[in-house]
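Quick one: structure below, then a few questions.
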Amino acid sequence: MGYEFLAHTAEIGVRAWGRDLAEAFAEAARGMFAVMYEADSVGETLARQVEVSAPDVEALLVEWLNALLYQATVDRAVFGRFDVTVEPPRDGGEWRLEATVYGEPVDPNRHRFGLEVKAATYHGLKVQRADGRAEVQVILDV
């Protein structure tokens, strides 16, 4: 499991991976929030449930990350741990993601901030699964 940043003009990319889609999506979230602040400084005094769905797995990744940005804004919170479940479509339905995300309210005395991420985009979006590994890539609008 892990993530890395990708160079991109006027934006920043995140490539993340794990043993399955759930781990890769969780790492993508960690990577996105690492652009915004030092994730190692985040406690776990609050938990939120996040659920999203989309017609395909690529759109699911974008919906997931944008839902997290919205939740962080509404709660004025930082998040650092993501317990994710990804379910493929059943009977012609949509991809579904359910997660519990853990974090704490923003504390300017403890949290050192970096760039503001406005949104996850569809530009350069990739989701790949092969050989017991899942890898995702997304460009973030900063």
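The values are calculated or read from the model by the stated rules, or taken from the named source; none is laboratory data. Quantities reported herein were computed from a predicted structural model and do not represent experimental measurements. Quick reminder, even Gly has a Cβ in these numbers, built from the backbone with ideal geometry, and neighbours come from all protein chains shown. Areas reflect the complete protein model, heavy atoms only, side chains present, ligands, DNA and RNA absent. Shrake-Rupley method; radii C 1.70, N 1.55, O 1.52, S 1.80 Å.
Residues Ala16, Ala24, Ala34: which one is outside any helix (DSSP H, G or I) and small (Gly, Ala, Ser)?
None of the others qualify; the one that does is Ala16.
Then there's this: So which pairs qualify, if the first residue must be in the range 99-126 and at pLDDT below 85, the second must be of a type in the set (Val, Ile, Thr), the Cβ gap must be under 8 Å, and the two must be at least 6 apart or on different chains?
His111/Val42; His111/Val78
Here's something else I'd like to know. Kindly establish whether Arg81 is within 16 Å of the chain's Cα centre (by Cα) and on the phi < 0 side of the Ramachandran plot.
yes
Same structure, new question: Out of (1) more than 22 Å from Arg133 (Cβ to Cβ); (2) in a strand (DSSP E or B), what's the single condition that is false for Tyr3?
(1)
What are the residue pairs meeting all of these: first residue in the range 62-75, first residue in contact (Cβ under 8 Å) with a residue 40 or more places away in the chain, second residue open to solvent by 20 Å² or more (accessible area, probe 1.4 Å), Cβ atoms under 7 Å, and 6 or more apart or on different chains?
Val62/Tyr122; Val62/Leu125; Asn66/Ala119; Leu69/Ala119
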